[in-house]
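Bear in mind these aren't lab numbers, they're just calculated from the coordinates by the rules spelled out. Predicted, not measured: the structure shown is a model, and the values here were computed from it. Cβ placement follows ideal geometry from the backbone for every residue including glycine, while neighbour counts extend to all protein chains displayed.
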């Protein structure tokens, strides 16, 4: 009976250890590492050069009237 309990416990411990070790081995590169190793074609400079090639049409500016809440917020933000 003691051997049966010992075998059962050791089996559970072994399976838990295998599960834990299995999860720690599959490491994925971090976002920072992926950002640093990007190809040159996708960098900000390359995107800026592509955007300069065909300019977008200029947007007409629309005047925006502040709401009462917006004015209040602006007054509260001013240092006195």
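Here the simple spin-label model places points 7 Å from the Cα toward Cβ, and for residue 58 and residue 17 these points are separated by 7.4 nm. Summary of packing: across the peptides 58-65, 9-16, the per-residue average of other C-beta atoms within 10 Å ranks them, highest first, as 9-16, 58-65.
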